[in-house]
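Comments concern the structure below.
The values are calculated or read from the model by the stated rules, or taken from the named source; none is laboratory data. Bear in mind that the values here come from a model prediction, so they are computed numbers and not experimental data. Note that we place each Cβ from the backbone using ideal geometry, even for glycine, and neighbour counts take in every protein chain shown.
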Amino acid sequence: MSILNQKALKKLIVISTLSSLAACGSSENEQTNFDSSSELPQSNTPSSKISGSFKSSYDTSVFYSTEAMPSSQVYGRKANGCTLQYNDYYFETANTLIFGNPNLRESDFKQVATWVENNFDSALNAMQITKGDYFSNRYAIRLDGLKYIRNNLAYKQYDSVSYPSEFDNRNFEQQVDWATKTTKNMDTAQAVGLLVNDPYSPFQTESEAVLEDKLYVCIHETNTANGWGEGNLVGINVGAPSIAVPHEADKIVKHEIIHTIQYALTANFEELGLPRWFSEGQAVLLSGMNVAHKSKHGEYDPTLVVYYNDEIGDQATAYSHYGLAYQYLKDANGQPSIISFMKDVKQVTYDFSKQLNSPLKEYHGYVEAFDKSMKQLNGAPLSVEQYRYDYHSLLTDY
């Protein structure tokens, strides 16, 4: 094969891999336009030897979704099949609950379980957190239940809860802030008690309200590798292997698991809380995908991409530069410091007025935590605004 053809093939592989990343952990409606379904490479992952068993949710009381109206904020855009039709049949392994159409091949469930099991520990190690850290930071109660408790706390609907003595003298934003923080840090048993003893709550039993300490995986049946993978608040969504398999499926699965870890560490009750360049850059670098060389930093301005619609130009180029922008932060601060920063983002309560009046597009909690903790490579403080406007000079000295 000629050198030119080798380069063309390499670029096609990169684009094909990136086109397989759907919402990628963002609450926005994202969809890439490149469709690789006409030439779908087969997975190199060996046949599954993961131990597991098929189960009916009616026997176990473990359902994919239990809300009256499941939302894409929780489950992603690719999970409609599992939330609307197939939420009661799954393949269970040590760390996963694989839901999907019962008419799919059993090998689809087992192959997806293999991908997720093989990449879960790898993703945790790359993020430098333990499995226990992940599950202790992920909301144990389904989000609708947490929002319900938060709202009732803010309006003093619970006689069993101790309120601060000055609560009535606080303004509404301060009351919501207290209610939100209290809900986020509430013991699971207490939260369950508040829900199941309330006839108006969205969940009437513990099994409806509580998430299992496993990754919830939905197999969707899109007949293309475009948008094949998606991370969300409870796990990931991937396409049925018998229908479409993207190139480097293992890397994509690891990438999406990193996104669900991001949700566990940073997501508030409204959104993920991370700008697109950061969430994608972290997932790109730590999943082993292509990262731009620092000498090429002038090709793209990654820190301008806060939302999906901010992205311009070639997506493969954009993703590689998101990875570079994150790599600088990782080298300057260390992965453990970044994890601490991400946890700080989660503890900030979304404030509509503060967000409306912020000069920056980023979530105000992200800005506050970033400005407080992030540093340049030389140890000097680094703010969100500075990283945007001084990005290329910082990378020149990198």
Within the stretch 311-373, which helices (runs of 4 or more DSSP H) (wholly inside it) include 1 or more residues that are in contact with a Phe, Trp or Tyr (Cβ under 6 Å, 6 or more places away or on another chain)? 315-333, 335-347, 364-373
Of those in the stretch 147-160 that are polar (S, T, N, Q) and in a helix (DSSP H, G or I), the residue nearest to Gly231 (Cα to Cα) is Asn151
Restrict the check to the stretch 113-134 and report whether at least one residue is within 18 Å of Tyr350 (Cβ to Cβ) and crowded, with 19+ Cβ neighbours inside 10 Å. no
If I ask for residues that are assigned to a helix (DSSP H, G or I), under 16 Å from the mean Cα position of the chain (by Cα) and not basic (Lys, Arg), which ones from the stretch 123-146 would you list? Ala123, Leu124, Ala126, Met127, Asp133, Tyr134, Phe135, Ser136, Asn137, Leu143
For Ser242, work out the one condition from (1) of a type outside the set (Phe, Trp, Tyr); (2) in contact with an Asp or Glu (Cβ under 8 Å, 6 or more places away or on another chain); (3) crowded, with 17+ Cβ neighbours inside 10 Å it doesn't fulfil. (3)
Tell me, yes or no, whether the stretch 205-214 has at least one residue that is basic (Lys, Arg) and closer than 30 Å to Lys354 by Cα. no
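So that you can scan it fast, the table gives a plain yes or no per residue for (1) in contact (Cβ under 8 Å) with a residue 40 or more places away in the chain; (2) in the same structural domain as Val74 (by the TED database); (3) at positive phi:
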residue	(1), (2), (3)
Pro241	yes, yes, no
Asp250	yes, yes, no
His255	yes, yes, no
Thr260	yes, yes, no
Phe278	yes, no, no
Gly288	no, no, yes
Ala292	no, no, no
Ala332	yes, no, no
Neighbours by Cβ (under 6 Å, 6+ apart or cross-chain): first from the stretch 340-363, not assigned by the TED database to the domain that holds Met127; second among the aromatic types (Phe, Trp, Tyr) and assigned to a helix (DSSP H, G or I): Val345/Tyr366
Please state which one of Ile236, Ile219 is under 14 Å from the mean Cα position of the chain (by Cα) and among the β-branched types (Val, Ile, Thr). Ile236
Test of understanding: among Gln174, Gln204, which residue is at negative phi and in a loop (DSSP other than H, G, I, E, B)? Gln204
All positions within the stretch 364-373 that are out of contact with any Leu (no Cβ under 7 Å at 6 or more places or on another chain) and touching a residue at least 60 places away in the same chain (Cβ under 8 Å): Gly365
Scan the stretch 73-92 for residues that are touching a residue at least 60 places away in the same chain (Cβ under 8 Å), over 26 Å from Lys147 (Cα atoms) and either in contact with a helix residue (DSSP H, G or I) (Cβ under 6 Å, 6 or more places away or on another chain) or not assigned by the TED database to the domain that holds Trp115 (or both) and report the count. 0
